[in-house]
1. Give the residues of region 216-239 that are β-branched (Val, Ile, Thr) and either touching a Leu at 6+ places or on another chain (Cβ under 9 Å) or under 18 Å from THR282 (Cβ atoms) (or both), sorted by residue number.
2. Kindly list the number of the only condition in (1) touching a Gly at 6+ places or on another chain (Cβ under 9 Å); (2) within 21 Å of PHE14 (Cα to Cα); (3) surrounded by fewer than 19 Cβ atoms within 10 Å (Cβ to Cβ) that fails for HIS202.
3. Can you say whether LEU141 is buried (at least 21 other Cβ atoms within 10 Å of the Cβ), out of contact with any His (no Cβ under 6 Å at 6 or more places or on another chain) and in contact (Cβ under 8 Å) with a residue 60 or more places away in the chain, as far as the supplied structure shows?
4. Mind checking which pairs have a first residue in region 159-170 that is farther than 10 Å from HIS134 by Cα and a second that is of a type outside the set (Gly, Ala, Ser) and part of a loop (DSSP other than H, G, I, E, B), Cβ under 9 Å, 6 or more apart or different chains?
5. Could you list all residues from region 53-72 that are outside any helix (DSSP H, G or I), among the small types (Gly, Ala, Ser) and closer than 16 Å to ASP102 by Cα?
6. Within region 54-85, take every residue that is modelled with pLDDT of 95 or more, touching a Lys or Arg at 6+ places or on another chain (Cβ under 8 Å) and of a type in the set (A, V, I, L, M, F, W, C) and give me the one that is surrounded by the most Cβ atoms within 10 Å (Cβ to Cβ).
7. Please specify each residue of region 233-264 satisfying the condition of being farther than 20 Å from TYR208 by Cα and either touching a strand residue (DSSP E or B) at 6+ places or on another chain (Cβ under 9 Å) or assigned to a loop (DSSP other than H, G, I, E, B) (or both).
8. Determine, yes or no, whether ASP238 is farther than 18 Å from VAL307 by Cα and either in the same structural domain as TYR184 (by TED's automatic domain parsing) or among the acidic types (Asp, Glu) (or both).
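The values are calculated or read from the model by the stated rules, or taken from the named source; none is laboratory data. Quick caveat, the model's predicted, so the values are computed rather than measured. Glycine gets a Cβ as well: all are built from the backbone with ideal geometry, and neighbour counts include every protein chain shown.
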Amino acid sequence: MSVTPEPGSLGSLFDHALALHRQFPDDPLPRDGSPYPDDARYRARGDRSQNLRTAGADAAAVLDWYFASSEASLEQLAEKLADLQVPIHRNDHITAAALRADRARVRRTGRWLVRHGRDRGTVVVGLGLLATDHDERDVPLIQTIGLLSNHFAPLAAAALLRRRSGGEALTWLGHRTAGWGRVYVVEALCTRHHGGPWLLRHACDGDYLNGYFAGEVATAAHLHAAITSDDVDEELIDHTGQLLEIMTWCGGMGMTLQRYPPAGAVVEAYARHVARLPSTVTRLRHRAAIAEYVQAVPLTGLNTATVVRMLLAD
């Protein structure tokens, strides 16, 4: 599917994401693409609390009306969806509405809403429809809107996971997301055990929110097997140090080293590998944090004194 803007379609959130992506092709969009074209309308609507059980039901009712009609236009559908508050995660009501309708029409509708939607709720509904499908042609469309990741990454990730090339598509998106958006993308990769090499070398970007997924990455990407091998590269060693350092302080967010079953073997292997590398400020910070932690919290199977000496050696 082409992602070239069409004449007269400027103003959509998709075009906003695409224009910014052309300026920043290999990095997360500054401020996650804010301000969005619909900011004034979105803020004017205000924050309306939602009942978790009924959230999305009003959007599903609008979809049922549209799919039951042979006369309603996509523009009318978008207009009815525009002022609704729609959950940004997968929603059972919207999914059920999609599954009740003709599959080809659901696919066309989802594509149009994502491509032309001028407000967040409309685009989220479109992503919700595409998240019930598996057509590979929609991958570029989903990736592009997913660049506005704090709002659209949860459903973009869900939609990509249903595609055959989902793992590759998500690692592409992972390079270009930050903040909460990165959390959603990395957690999706961990869920299906996709992107192991990328997760082991690039999942963490230094943001505090990495604490939510560091332990998941260590488990899903099989960090134990990777770092205890004799054939490891500097990128893997440095990212392992970052993962382990995060797991020293992320209690209450994600899995800590104390709760990570192979922590002892992983810390020992990391200490052995990093000891042969030149010291850098970042490496010294990781080594000091890990050494301080293992002295305070003994890990099963770890020779603490020996490992601490290796970690703190000049």
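1. VAL217, ILE227, VAL232, ILE237 - these are the residues of region 216-239 that are β-branched (Val, Ile, Thr) and either touching a Leu at 6+ places or on another chain (Cβ under 9 Å) or under 18 Å from THR282 (Cβ atoms) (or both).
2. (2)
3. yes
4. GLY167/ARG192; GLY167/HIS193; GLY167/HIS194; GLU168/HIS194; ALA169/ARG163; LEU170/ARG192; LEU170/HIS194
5. Listed by number, the residues that qualify are SER69, SER70, ALA72.
6. The selected residue is ALA78.
7. If the condition is that a residue be farther than 20 Å from TYR208 by Cα and either touching a strand residue (DSSP E or B) at 6+ places or on another chain (Cβ under 9 Å) or assigned to a loop (DSSP other than H, G, I, E, B) (or both), then ASP233, PRO261, PRO262 are the ones that fit.
8. no
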